[in-house]
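A short worksheet on the structure shown next.
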Amino acid sequence: MACKNNNEDLNNNKTDTFQEKNAKNFSRQVNIFKDRKVNLLPEAEESSANWMAFTTAKNEIERIDNFTLQEVVNNSNNLFKSIQGLQDSIPTEFQKRTIKARLNVLLTKAYLLEGEASKQTPSAKQIDTLSANLYKEFENLKIQLNEVFRKSIEDFEFELDERVRIQDSLSSSKKNSLPKLKAKR
């Protein structure tokens, strides 16, 4: 009996140690690499303001930056659902192949995060990596949203040609409107 109690005590200490270690790991802040923060162009910002699913997902994902790993685990289902809502409600102006591809990648990352978080013993390292990946992929989505409103090379060339034409017409009209002065000898 005494041996059995000692073994139980040893097992409890190992469990406590594992639980304490796990609690410590999951109390760490998510490690987000902010190597590039993408700001939406004013046009993209305006168009996405009416896309409620985008606003919801944006708020959820931006919160990751201030989360502990345990908070990510607790909110992983909300993250997944908000990104799923994005994919289910794409506005007409954003119905582009590149945006749909970004949303597929984003949904896959959210699915992987939610899957890891729902495991019996999730890995803190995996949660951290998947959270950072999800954050990065959302930034990539914002790049694609901006691309919808960027001007093409042809548009720039046309604008440049227009400016040159206007300048030429202004300079020729100035030449024609200047009085001709006779030189005094």
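The values are calculated or read from the model by the stated rules, or taken from the named source; none is laboratory data. Just so it is clear, the structure is predicted and the values come from calculations on it, not from any experiment. Reconstructed Cβ throughout: ideal geometry from the backbone, glycine too, with neighbour counts over all protein chains shown.
Observations on the model:
Quick grid of which residues meet (1) crowded, with 17+ Cβ neighbours inside 10 Å; (2) of a type in the set (Gly, Ala, Ser); (3) touching a Gly at 6+ places or on another chain (Cβ under 8 Å):
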residue	(1), (2), (3)
Ser27	no, yes, no
Asp35	no, no, no
Phe54	yes, no, no
Ala57	yes, yes, yes
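- Residue-level check: of (1) without any contact (Cβ under 8 Å) to a residue 40 or more places away in the chain; (2) more than 30 Å from Lys24 (Cα to Cα); (3) surrounded by 17 or more Cβ atoms within 10 Å (Cβ to Cβ), Ile99 misses just (1).
- Against the numbered list (1) surrounded by 12 or more Cβ atoms within 10 Å (Cβ to Cβ); (2) within 20 Å of Leu113 (Cβ to Cβ); (3) among the acidic types (Asp, Glu), Asp88 comes up short only at (1).
- Beta carbons closer than 7 Å, at least 6 apart along the sequence or on distinct chains, pair a first residue in the stretch 105-120 that is within 18 Å of Val30 (Cβ to Cβ) with a second that is at pLDDT below 95 and not in a helix (DSSP H, G or I) for Glu116/Pro122; Glu116/Ser123.
- Pick from the stretch 126-139, criterion touching a residue at least 40 places away in the same chain (Cβ under 8 Å) and not aromatic (Phe, Trp, Tyr), ranking: surrounded by the fewest Cβ atoms within 10 Å (Cβ to Cβ): Glu139
- Among the residues examined, Ser47 qualifies as in contact with a Pro (Cβ under 9 Å, 6 or more places away or on another chain) and within 30 Å of Lys151 (Cα to Cα).
- Scanning the stretch 110-125 for residues that are within 15 Å of Thr68 (Cβ to Cβ), more than 16 Å from the chain's Cα centre (by Cα) and in a helix (DSSP H, G or I) gives Ala117, Ala124, Lys125.
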